[in-house]
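Everything on this sheet refers to the single structure shown next.
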Amino acid sequence: MDGAFIYDKYVSGKNFIGRKGDAMLVQNLLLQGEHIVMWEPPKTGKTSLIQQSLFNMRMSGNRFTAAQFSIIDIRSIESFMERLGSSLLRMVGATAEEYASMVEKYLPGTHFVFDMDRFSQSDKLISFSWDLDDNDFEAMLNLPWELARDRGERCVVIIDEFQNLDNLPGGEKLMRQIARVMQSHIDSGSREASYVLCGSQVNAMNDIFSRRHIFVRLVERVKLSEVDEKEVAEHIIKGFLSGGKVIDRDLLIGACRLFKGHLWYINHFSAICDAKSKGYIMEPILLETLECLMALHEPRFRSAMYSLTLHQISLLEAAVDGVQRFSAADVIRKYDLHSSANVSRVKEALAKKEILTFDANDNPHFIDPLMEYWLKKYYFAK
């Protein structure tokens, strides 16, 4: 049974707060057959938004099938194709006979086969009879449209941790082939299928979609809007009231601001607070809860700092202090950053490590608000 504060899985329905406009936008884009890209820090609500959008589509009577999978553990293009094909076939089939029939029907002339022995032993739906080539890749990438046309309903394919493709041998070539497949269907007016490409490494995704322009004019970026702090507070207060507990609204809003609206941290914080309290929740309980949350996440923050050079640590300290013009002579001297050329290298390294991100004006922003708080209060003792 779910508690009042859910942080261990995505949420939808009554537990989905805020971002109603975002959900409507995603729904409309999918109904129009558009492709979507989303990149936001981990645990900020991407999956919840997508699932709420699909829930709205179902409630509106729209017919569609959806497949969602992660490629966080994928190490080769061949494994990606196997994961993609298996997810699509499981979306519409249920038995070995159906899977074998669909591979034969939708992937003829390719090296993809259904191996009954392999399926029986390891539950694998897709096997290869030979090394895969570009024709095989194209056939598999086109499969969502083939299934959608044959079934007479839309097909939505959601790929999590999409930026991992860029780390695979031949990954950029594959992404450009995905882009060509998208373009071919746009040119032909085929709008029956949509890819939703999600990533939690914001700088890596920004590099793929904004700097290298691999998917230029092919995908619509959906950014998560900020959830109003009053709406968050109402959600948390109702959660405590359901257990017969009361919390001061101003104290709660202060906690929400500390987490900068990060709903996963807010729900985790509230769940711990709920477990530690009875009746009226006072400030000491909130401070004790914050210490518990820090104890859970501090090893992760320490590990990240151990991987940094002294110059990288110095630049982080400057960011904590609110510095924006890192290349200014006085900043370089104060934080011992060596030179403006070194500053550029350090900024790039911290971006690759997904600790900082930089906006259009080159201003730094911490990706993880709790890490920023830990750095300021504990690591740099500000």
Considering only residues of segment 288-330 that are modelled with pLDDT of 95 or more and among the basic types (Lys, Arg), which is nearest to Tyr378 (Cα to Cα)?
Arg302
Out of (1) β-branched (Val, Ile, Thr); (2) assigned to a helix (DSSP H, G or I); (3) under 28 Å from the mean Cα position of the chain (by Cα); (4) at pLDDT 90 or above, the one Ile253 does not meet is (4)
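Table: residues versus (1) touching a Leu at 6+ places or on another chain (Cβ under 8 Å); (2) in contact (Cβ under 8 Å) with a residue 60 or more places away in the chain; (3) in a loop (DSSP other than H, G, I, E, B).
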position	(1), (2), (3)
Gly3	no, yes, yes
Met24	no, no, no
Gln52	no, no, no
Phe55	no, no, no
Thr65	yes, yes, no
Ile72	no, yes, yes
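When you go through Ile237, Ile266 one by one, which is the residue that is among the β-branched types (Val, Ile, Thr), surrounded by fewer than 19 Cβ atoms within 10 Å (Cβ to Cβ) and either at negative phi or assigned to a loop (DSSP other than H, G, I, E, B) (or both)?
Working: Ile266 fails: surrounded by fewer than 19 Cβ atoms within 10 Å (Cβ to Cβ).
None of the other options fit; the residue is Ile237.
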For segment 326-342, does any single residue satisfy the condition of being of a type outside the set (A, V, I, L, M, F, W, C), surrounded by fewer than 12 Cβ atoms within 10 Å (Cβ to Cβ) and in a helix (DSSP H, G or I)?
yes
Those residues that are modelled with pLDDT under 95 and among the acidic types (Asp, Glu), I need them from segment 337-362; list them, please.
Asp359, Asp362
Note: among Phe55, Phe80, Phe64, just one is aromatic (Phe, Trp, Tyr) and within 30 Å of Val232 (Cα to Cα), namely Phe55
Name the single residue, out of those in segment 48-71 being surrounded by fewer than 19 Cβ atoms within 10 Å (Cβ to Cβ) and among the hydroxyl-bearing types (Ser, Thr, Tyr), that is nearest to the chain's Cα centre (by Cα).
Ser70
Criterion: surrounded by 14 or more Cβ atoms within 10 Å (Cβ to Cβ) and either in contact with a His (Cβ under 8 Å, 6 or more places away or on another chain) or of a type in the set (Phe, Trp, Tyr) (or both) - qualifying residue of Leu218, Leu252, Leu224
Leu218
Looking only at segment 283-305, decide whether some residue is outside any helix (DSSP H, G or I) and surrounded by 13 or more Cβ atoms within 10 Å (Cβ to Cβ).
no
Leu308 passes all but one of (1) closer than 30 Å to Phe5 by Cβ; (2) assigned to a loop (DSSP other than H, G, I, E, B); (3) within 27 Å of the chain's Cα centre (by Cα); which number fails?
(1)
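The values are calculated or read from the model by the stated rules, or taken from the named source; none is laboratory data. Keep in mind that what you see is a predicted model, and the values were worked out from it rather than measured. Ideal geometry is used to build each Cβ from the backbone, glycine not excepted, and the neighbour counts take in all protein chains shown.
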